[in-house]
Amino acid sequence: LSQLTELDLSSNDLSGDLPDSIFEVINLSILDLSNNALHSTIPGEIGSLSMLQLLNLGNNIFIGSIPSEIAYLSKIIELNYNTNRLSHALPTEIGKLKSLQKLHLQNNDLLGPIPSEVGL
């Protein structure tokens, strides 16, 4: 599946961790795993998917922080982590996502100030 560019497994009953093999599909431009029961932390390896334009992990059970490796998603246009159990501060690396147009973080447990790098 090395040539796969879109993977949409949204609205299923998937559970467990993200498989390591998903980070080897380096040509992905769309990854939608929303509306499942995936849980664990979001691994830093997410940054290896540098071709991503849309990443939707919303409506799952992810915990922990948003990894700083999101800074490597230079082509990302839409990032959706809404309705999980993410906590900790919003990483300043979000400010490095110059192509980002839509950022969905509602219904989590994020803490602290909004980083000035976000440009609000």
Exercise for the section: Only one of these is over 10 Å from the mean Cα position of the chain (by Cα) and open to solvent by less than 20 Å² (accessible area, probe 1.4 Å): L110, L49. Name it. Expected result: L49
Handout entry: Inter-residue pairs, beta-carbon under 7 Å, first under 18 Å from S68 (Cβ atoms) and free of Cβ contacts under 8 Å to residues at least 12 places away in the same chain and in region 103-120, second in a loop (DSSP other than H, G, I, E, B) and not acidic (D, E), 6+ apart
Key = none
Handout entry: region 1-17 residues that are over 14 Å from S29 (Cα atoms), paired with ones that are among the polar types (S, T, N, Q) (beta carbon under 6 Å, 6 or more apart)
Key = S10/S34; S10/N35; S11/N35; N12/N36; L14/N36; D17/S40
Practice task
Considering only residues that are polar (S, T, N, Q) and more than 13 Å from the chain's Cα centre (by Cα), look in region 16-39 and name the one that is modelled with the lowest pLDDT.
Solution key: S21
Exercise for the section: Return yes or no: is L55 at negative phi and open to solvent by less than 20 Å² (accessible area, probe 1.4 Å)? Expected result: yes
Handout entry: Single unsatisfied condition, H88 versus (1) out of contact with any helix residue (DSSP H, G or I) (no Cβ under 8 Å at 6 or more places or on another chain); (2) surrounded by 19 or more Cβ atoms within 10 Å (Cβ to Cβ)
Key = (2)
Exercise for the section: Considering (1) open to solvent by 50 Å² or more (accessible area, probe 1.4 Å); (2) out of contact with any strand residue (DSSP E or B) (no Cβ under 6 Å at 6 or more places or on another chain), say which one I63 fails and leave the rest. Expected result: (2)
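The values are calculated or read from the model by the stated rules, or taken from the named source; none is laboratory data. Since the structure is predicted, the reported quantities are computational estimates derived from the model, not experimental observations. Heads up, the Cβs are rebuilt from the backbone with ideal geometry, glycines too, and the neighbour counts pull from every protein chain shown. Only protein heavy atoms, including side chains, enter the accessible area calculation; ligands, DNA and RNA are left aside. Shrake-Rupley method; radii C 1.70, N 1.55, O 1.52, S 1.80 Å.
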